[in-house]
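The values are calculated or read from the model by the stated rules, or taken from the named source; none is laboratory data. None of these values were measured; they are calculated from a predicted model. Because the Cβ atoms are built from the backbone with ideal geometry, glycine has one as well, and the counts that use them run over all protein chains shown. The protein model used for the area step is the full one, side chains on, heavy atoms only, and it has no ligands, DNA or RNA in it. Shrake-Rupley method; radii C 1.70, N 1.55, O 1.52, S 1.80 Å.
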Amino acid sequence: MCLGDLHHRHLTSGRPFPIDKRVEVISTPGSSCTDISVLVKDTDLGTVAVVGDLFRCQEDLEDPTLWRRDSTNPKRQEVSRAKILEIADYIVPGRGPMFKVPV
């Protein structure tokens, strides 16, 4: 994904980085300042977000201590998590099975 300063020039501007018509990379800082997520749109499940440690596992929706203890910037991570919860139907977390976004 990174080529020179591509991440800093493109993703930190808030614009997604398109891979093709259905796949894009977006900036989702929080766990670290350079975290990204991959969105896959128009799947049989809807939009699937592959998010790394932005969400460690489904259980961290109920127990924020599971992700907060390792976050470099909890406030930014909360914003990034909210963004993903708004646009994804399913989340592939960093340390657990894929789960459906609660309604």
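Here are a few things to note about the model shown:
- Computed 3J(HN,Hα) for region 21-33, one whole-Hz value per residue from the Karplus formula 6.51 cos²θ - 1.76 cosθ + 1.60 where θ = phi - 60°, is 5, 10, 10, 8, 10, 10, 7, 9, x, x, 4, 9, 6, glycine and proline marked x.
- Förster-model FRET efficiency, 30 Å R0, residue 24 and residue 59, C-beta, rounded to 0.05: 0.65
- Separation of the residue 17 and residue 41 label points, Cα + 7 Å toward Cβ, nm: 1.8 nm
- Three-way shape label, region 11-103, alpha-carbon gyration tensor, a/c 1.5: oblate
- Accessible surface calculations at 1.4 Å, restricted to protein heavy atoms, place region 21-73 at 52 Å² per residue.
- Taking the accessible area of the chain, probe 1.4 Å, and keeping the other protein chains in place, the carbon and sulfur fraction comes to 55%.
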